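Comments concern the structure below.
The values are calculated or read from the model by the stated rules, or taken from the named source; none is laboratory data. As the structure is a prediction and not an experimental result, all values here were calculated from the model. In this analysis, Cβ positions are derived from the backbone assuming ideal geometry, glycine residues included, and neighbour counts consider all displayed protein chains. We work out accessible area using only protein heavy atoms, side chains counted, and drop any ligands, DNA or RNA first. Shrake-Rupley method; radii C 1.70, N 1.55, O 1.52, S 1.80 Å.
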Amino acid sequence: MENENLYKVYKLDSINDYYLIYAKRRDSLFKIVSKKELVEKNQEIKVDKFYPLKLQSRRENLPTIGGVKLEPMNYLDVECFGYDKNTTICIERDSINDLHYAENIKGKYFIKQ
């Protein structure tokens, strides 16, 4: 079932108001952050299942002002991102070098588009 757009979920975790969804595609590992929210009658994400995720990189989607990306001076050294005043989520330098969000995940549910 290997496909260019299919990711296999291998671990689920959470921190404060966020789910951490760990997924794998070929030899790459991804850490997906999703805000906890209730979504009715959708497919709950399960470990060892494949999903056609639409991922967006946290590093590549930096905030902008007037269309200009705000990049920290030592962006490659940034290991943690603040999601709210109580939540900081970090990369895992030994295996995961970026955080992602998925356009088709809400809370812990896969949203078919």
(request) Out of the residues in region 74-105 that are in a strand (DSSP E or B) and closer than 16 Å to Tyr7 by Cα, state the one that is most open to solvent (accessible area, probe 1.4 Å). (result) Tyr101
(request) Could you run through region 37-57 and say how many residues are at pLDDT 95 or above, farther than 18 Å from Ile96 by Cβ, not in a strand (DSSP E or B) and not acidic (Asp, Glu)? (result) 2
(message) Looking at (1) modelled with pLDDT of 90 or more; (2) not in a strand (DSSP E or B), which one does Glu60 not meet, given that it meets all the others?
(response) (1)
(message) So if I check each of Ser34, Ser28, Ser14, which one is at pLDDT 90 or above, out of contact with any Asp or Glu (no Cβ under 8 Å at 6 or more places or on another chain) and surrounded by 14 or more Cβ atoms within 10 Å (Cβ to Cβ)?
(response) Ser34
